Amino acid sequence: MSTVKDFSVEEKLSSIVKLQKVDSKLDNLQVLKGELPIEVSDLEDEIEGLHARQNRIEEEINGIQQFIDQKKDVIKESQELINKYEKQSENVKNNREFEAINKEIEMQTLEVKLAEKHIKDATEEIGEKAKQLEIAKKAVSTKETNLKGKKSELEKIIAETDKEEKNYNKQAEDARQHVDDRLLLSYDRIRKNYRNGLAVVPVERDSCGGCFNAIPPQKQSEIKQRKKIIVCENCGRIMVDDELNDAVEVK
Ligand SMILES: [Zn+2]
């Protein structure tokens, strides 16, 4: 760090521009990383919801199936009773007994018909539910494919950004070594003050590249001379001429 004093203002400006560009790249990586995991977890939530819906429909179908089974038992019991009564009717002793048995048979026949109607309605209901289930299953499978894609995209991006992050962090460290502490301190302070993280800006179309405040020609020529650090009167950002700004590249 003792060598810092040996750098010219122009070199310091170059380094601070470099630091700004590297830091902006790091900011972009953070944004990228910040959004993808949210997308993935949103998708996971949706799939969980769809699975719950699928389970609910399956339970409903089971319930209806149980109802149908009960009705089938009812039919079986009534049928057995009818058989029994028919046998009894062969040995009736009088008219009254015959009437009574016939009434029982009639009642059981009615039971059977009612149960058959219930089974028919319930079977239609199962058909409807089966359609709903099919739709839910398709939705789950679409979302799952989508999720798989997003996850691998995320993993790839994380792997890539990790590599880039390391590269940029190293470059930022190097750039910091070429700037004096006072300038670094104000750079860090200004960067924190602005949401876009820009502390160093070029003069663009005779204005400050940060706040677009007009820069008088006299000041512009001072900036071009690169003999001292000049900040914007309006926003406080460090200003450089666009030539110097363009000359600094970050890879
Ligand atoms: Zn400004």
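Observations
- Cα coordinate range in the range 76-223, projected on the principal axes (Å, largest first): 130, 35, 23
- With R₀ fixed at 41 Å, the C-beta to C-beta distance from ASP206 to ASP27 puts the FRET efficiency at about 0.90.
- DSSP bridge orientation in the chain - percent antiparallel, rounded to nearest 5: 60
- Taking the chain and dividing mean pair separation by its residue count, relative contact order in percent (alpha carbons under 8 Å, at least six apart): 32
- Net lengthening on full extension, GLU80/LEU114 (0.36 nm per residue, minus Cα-Cα): 10.6 nm
- Per residue, the average separation of C-alpha pairs within less than 8 Å and at least 6 apart gives the range 15-122 a relative contact order of 30 percent.
- Counted residue by residue at 0.36 nm each, then reduced by the alpha carbon distance between them, the extension gain from ASP69 to ASN234 reaches 51.2 nm.
- Summed residue charge, Cβ within 13 Å of ASN91's Cβ, Lys/Arg positive, Asp/Glu negative: 0
- Estimated from the Cβ-Cβ distance and a Förster radius of 22 angstrom, the FRET efficiency linking SER221 and ALA247 is about 0.75.
- Of the residues ALA130, PHE7, SER141, the one whose Cα sits farthest towards the positive end of the charge dipole of the chain is PHE7 (charges of +1 on Lys and Arg Cβ, -1 on Asp and Glu Cβ, taken about the Cα centre).
- Distance from the Cα centroid of the range 55-90 to that of the range 164-210 is 81 Å (rounded to whole angstrom).
- Computed over the alpha carbons of the chain, Rg followed by Dmax gives 40.8, 131 Å.
- Cα centre as origin, Lys/Arg/Asp/Glu Cβ charges: the range 77-200 dipole, Debye: 920
- Charge context of ALA52, other residues only, Cβ under 15 angstrom, K/R +1, D/E -1: -4
Bear in mind these aren't lab numbers, they're just calculated from the coordinates by the rules spelled out. Nothing here was measured: the structure is a model prediction, and the numbers come from that model. Note: ideal-geometry Cβ built from the backbone for every residue, glycine included; neighbour counts use all protein chains shown.
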